[in-house]
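Step one of this worksheet: look at the structure below.
The values are calculated or read from the model by the stated rules, or taken from the named source; none is laboratory data. All of these numbers come straight from a predicted model, not from anything done at the bench. Please note: Cβ atoms are built from the backbone with ideal geometry, for glycine as well, and neighbour counts cover all protein chains shown.
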Amino acid sequence: MKIFVAGTRGIPNIPGGVEKHCQELYPLIAQNKNEVYLATRTPYVSEFLDTWQSVRLKHVFAPRKKSIEAIVHTFLSVICAKFTRADILHIHAIGPGLMVPFARLLGLKVVLTNHGPDYEREKWGPVARVMLKIGEYLGCKFSNETIAISQIISDIINKRCDRRSIIINNGVPLPEKSKSAEFVESIGLGVGNYILTVSRFVPEKGLGLLVKAFQGCKSDFQLVIAGDADHETEYSRKLKRLIDASPNVIRTGYITGEALNQIFSHSGLFVLPSYHEGLPIALLEALSYGLPVLVSNIPANLEVGLPEERYFKSGDIADLREKMNYLIAKGMTDIEKEKLRYRIKNDYNWTQIDKQTIAVYKKVVTPQTSNSHHPLSHC
């Protein structure tokens, strides 16, 4: 099949959950004798490659303005997909979902992956939230098939759009942990002696809450925040000032490759204090390294099914601080860490996700095929 992918900022090594999803999935689909084209957003591309791991990259203009970036880029990508004569146009996220009816009018067969209700993110104003809700509705109503990355998102689609969706979870590769600590030590950290979070600098990630809670921790651990803002805002500037003024708190900016491998490999505790998530890849990554984790008790995190002690009350500084102190003192055995890695390998496996996604494509391309033996679960 010839598949055209839109709705992502691009690959490789462009920050974001959707971007990581696409970076892992589409090389597998391309290596499975499919022709895959992926539209990048030019402001985020540092090296204009023609192909990457068998995926053909189409560098499509996008304005560097968050309110119109996704919709302009997706509109141009849909036209590009039409000229490419794609069998399938796969659009990711509900903002780009606004363009699904346009794509269908052009005769394209469309799969939409809903990565979560983005209108719940604090960074969006009232007009943007309305547009995102419209994008969710139009994308789910007019796509040939809709994929949800979690049961919670599938339930939202069913309720808001009166539409069944196919549940295909996010995945994460099982990494080979780094034996080197060169980068970790270069930023003043000790092996196993720091709390880690990996996140974009946006309000819904709860990073300010984490920094304030950390100040009352009764240990010699440091706090490392790996990430940055896609678009600099008053919130991100205020957050950076808070981090830089806080003792024993380090921000690394966006890191990838060996540096990111080291920072995960040698962490003593991973914390995700988000107020909103779809199915957080950062959490799955931490579990793939066998890290002890502590996360907010929002629905997306609860769906991962961690022990009760691994959750704190969302937004509660005192509970977050208390749980951090407890888990730092408790530690985790090597057997417990390997059990986490084994679960990730089995439940969030990209090879399986590849097969499930291709099955959706085949269903759309040959809709007359009976669904009675379809291998995917519907909500």
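General observations
- Checked against the criterion of being of a type in the set (Lys, Arg) and within 21 Å of the chain's Cα centre (by Cα), the candidates ARG321, ARG310 yield just one match: ARG310.
For every residue, the table says whether it meets (1) modelled with pLDDT of 95 or more; (2) among the aromatic types (Phe, Trp, Tyr); (3) under 30 Å from LEU291 (Cα atoms); (4) touching a Leu at 6+ places or on another chain (Cβ under 9 Å).
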{"position": "ARG121", "(1), (2), (3), (4)": "no, no, yes, yes"}
{"position": "TYR137", "(1), (2), (3), (4)": "yes, yes, no, no"}
{"position": "PHE142", "(1), (2), (3), (4)": "yes, yes, no, yes"}
{"position": "ILE152", "(1), (2), (3), (4)": "no, no, yes, yes"}
{"position": "ASP162", "(1), (2), (3), (4)": "no, no, no, no"}
{"position": "ILE167", "(1), (2), (3), (4)": "yes, no, yes, yes"}
{"position": "GLY171", "(1), (2), (3), (4)": "no, no, yes, yes"}
{"position": "LEU174", "(1), (2), (3), (4)": "no, no, yes, no"}
{"position": "GLY192", "(1), (2), (3), (4)": "no, no, yes, no"}
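- Matching residues in segment 332-363 - criterion: being of a type in the set (Phe, Trp, Tyr) and surrounded by 14 or more Cβ atoms within 10 Å (Cβ to Cβ): TYR348, TRP350, TYR361
- Considering ALA86, ALA93, the condition of being of a type in the set (Gly, Ala, Ser), under 27 Å from GLY253 (Cα atoms) and either surrounded by 23 or more Cβ atoms within 10 Å (Cβ to Cβ) or at pLDDT 95 or above (or both) is satisfied by ALA93 alone.
- Segment 315-370: number of residues that are under 30 Å from LYS212 (Cβ atoms) and in a helix (DSSP H, G or I): 17
- For segment 143-165, the set of residues classified as under 12 Å from PRO117 (Cα atoms) and surrounded by fewer than 24 Cβ atoms within 10 Å (Cβ to Cβ) consists of SER150, ILE152, SER154, ASP155, ILE156, ARG160, listed by residue number.
- Test for SER246: is it among the polar types (S, T, N, Q), in contact with a Leu (Cβ under 9 Å, 6 or more places away or on another chain) and assigned to a loop (DSSP other than H, G, I, E, B): yes
- Here segment 166-194 is the region considered, the condition is being surrounded by 21 or more Cβ atoms within 10 Å (Cβ to Cβ) and aliphatic (A, V, I, L, M), and the residue that is nearest to the chain's Cα centre (by Cα) is VAL172.
- Condition met for VAL45 (assigned by TED's automatic domain parsing to the domain that holds ARG121, without any contact (Cβ under 8 Å) to a residue 60 or more places away in the chain and either in contact with a Ser or Thr (Cβ under 8 Å, 6 or more places away or on another chain) or closer than 25 Å to ASN169 by Cβ (or both)): no
- Selection over segment 194-204 of residues that are at pLDDT 95 or above and either among the basic types (Lys, Arg) or under 19 Å from GLU258 (Cβ atoms) (or both) gives a count of 3.
- For segment 292-315, a residue qualifies if it is under 19 Å from LYS330 (Cα atoms), surrounded by fewer than 19 Cβ atoms within 10 Å (Cβ to Cβ) and in contact with a Phe, Trp or Tyr (Cβ under 9 Å, 6 or more places away or on another chain), and exactly one does: GLU309.
- Scanning segment 200-207 for residues that are more than 15 Å from ALA286 (Cβ to Cβ) and of a type in the set (Val, Ile, Thr) turns up at least one hit.
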